[in-house]
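The values are calculated or read from the model by the stated rules, or taken from the named source; none is laboratory data. What you see is a predicted model; the values in this text were computed from it and never measured. Note: ideal-geometry Cβ built from the backbone for every residue, glycine included; neighbour counts use all protein chains shown. Areas reflect the complete protein model, heavy atoms only, side chains present, ligands, DNA and RNA absent. Shrake-Rupley method; radii C 1.70, N 1.55, O 1.52, S 1.80 Å.
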Amino acid sequence: MVLACQWAAVGSGKAAAAYPERAIRLVVGFPAGGSSDAIARIVQPNVEKQLGQPLVIENRPGAGGAIALGMVAKAPPDGYLIGLGGAAGLGVSLGVQDNITYDAHKDLAPVTGLASVPFILAASNALRGKTLRDIIAMAKQPNKLTVGHGGNGTLMHLTSEMFNQMADTRLELVPYRGMAPVVTDLIGGHMALGIVDPPSAMTAIEGDLITPVAVSSAQRYPRLPNTPTFAEQGLTGFEATGWFGIVAPAGTPGDIVEKINAAFVTALGDPAIAERIRGLGSDPMPMTPAEFSRFIASEVKKWEAVTARAEKK
């Protein structure tokens, strides 16, 4: 048995040293054409160059990215099937999604963050108040204001709920199927407010079709330098960003995880690639596997507290 274990270890070491010997599948948990898919395709050529093998992107959208990550969780831990997922699929709002068939903390191995994006509280131009103070005053009255978000269990949903909690407001939260319909209803005056992301909203904002009120990140968003953050407008400690990253099946050898990590981190560090990602309204988010693991854990803890308070209402 000792010899068998020694040979198994040697075999695993040789496999990791030879990796990769064929194409790698990257399963993306979101539709083609979305910001996460676009960023995957931006880094794809550079990652292929680093690894010396094709990186085949396969879109498997649905359940907040959980369908794709379920495939990764059940795949052989050899580094040839990896996944791109966001907060919901990686554990932040699993309590909302009863159909998830894997344990994000036990069945997936974090590889690296890929990109993050702030959210924007945007107002319909038909709304009278255009400052956060105005909106908070109106939203303290019942049945006065609604806010649209990208779907139950998403970070846009949780960000809307956190706003209600921190501002002590009574906004009615309205789920949509994605960001584009929220922006459309804001433009048409059918929704007073929306929690949206830059890729979905910047065209409407720059065209003066909707009004940005506050940015959810810790710092101002460079493309909206005159729009203050929530924290700057009195909600101290308010910070929320959307994010997604790369994971492998749990049990993937550490050497293989490190090789995948190095390829993506190198790609994200390329100035031309970073500029293209920022042009989509996102920021590169390279991390070591350990850093990404700690980041996920901190996000889960933060949003579990928001969810727990919402459930007590």
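Could the peptides 75-82, 205-212 be put in order, highest first, of the mean number of other beta-carbon atoms found within 10 Å of their residues? Before the final figure, lay out each step's value.
Details: 75-82: 18.9, 205-212: 16.5.
Per-residue mean Cβ counts within 10 Å order the peptides as 75-82, 205-212.
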Under 24 Å from the Cα of residue 312, which lysines turn up, not counting those fewer than eight places away in the same chain?
140, 144, 301, 302
Projected label distance in nm at residue 208 and residue 239, using a 7 Å step from Cα toward the beta-carbon:
3.5 nm
Asserting the computed 222 nm helical MRE of the chain (DSSP H runs at least 4 long, -39500 (n - 2.57) per run, divided by residue count, to nearest 500) equals -13500 deg cm²/dmol
Cα-based reach from residue 49 at 20 Å (exclusive), listing lysines while leaving out same-chain residues under 8 positions away
259
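Pop out the Kirkwood hydrodynamic radius of the chain from its pairwise C-alpha distances, inverse of mean 1/r, in Å to one decimal. Mind showing how you got there, number by number?
Values: mean 1/r = 0.0491 Å⁻¹.
Averaging 1/r across every pair of different Cα atoms and inverting gives 20.4 Å.
How much length would be gained if the chain were fully extended between residue 133 and residue 291, taking 0.36 nm per residue of separation minus their Cα-Cα distance, in nm to one decimal? If you can, show how the numbers build up before the last one.
Numbers: separation 158, 0.36 × 158 = 56.88 nm, distance 3.65 nm.
Here the answer is 53.2 nm.
Give me the number: length gained by fully extending residue 116 to residue 49, i.e. 0.36 nm times residue separation minus the C-alpha to C-alpha distance, one decimal in nm.
Numbers: separation 67, 0.36 × 67 = 24.12 nm, distance 2.39 nm.
Gain in length upon complete extension: 21.7 nm.
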Along the charge dipole of the range 32-126, Cβ charges K/R +1 and D/E -1, which of 36, 126, 109 sits furthest on the positive end?
126
Packing-wise, with mean Cβ within 10 Å as the measure, how do 109-117, 228-236, 145-153 rank, highest first?
109-117, 145-153, 228-236
Efficiency by 1/(1 + (r/R0)^6): what FRET value for residue 58 and residue 184, r their Cβ-Cβ distance, R0 = 45 Å, to the nearest 0.05?
0.95
In Å², what does the accessible area per residue of the chain work out to with a 1.4 Å probe?
45 Å²
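Mean projection of the alpha-carbon convex hull of the range 29-101 over all orientations, in nm²?
On the way: hull surface 20.4 nm².
The number I arrive at for the range 29-101 is 5.1 nm².
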Among the aspartates and glutamates, which have Cα under 14 Å from the Cα of residue 74 when same-chain residues fewer than 8 positions away are ignored?
103, 107
Using the basic label-point model (7 angstrom from Cα toward the beta carbon), what is the residue 165 to residue 218 distance in nanometres?
1.9 nm
What's the local net charge at residue 72, with K and R +1, D and E -1, over the other residues with C-beta under 14 Å away?
0
Which order do the peptides 128-134, 37-43, 154-160, 290-296 come out in when sorted by mean C-beta neighbours inside 10 angstrom, highest first?
154-160, 37-43, 290-296, 128-134
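For Cα pairs less than 8 Å apart in space and 6+ apart in sequence, what is the mean separation divided by the residue count of the chain, i.e. the relative contact order in percent? Walk me through the numbers on the way to the answer.
On the way: 606 pairs, mean separation 78.1, N = 313.
Once divided by the residue count of the chain, the mean separation gives 25 percent.
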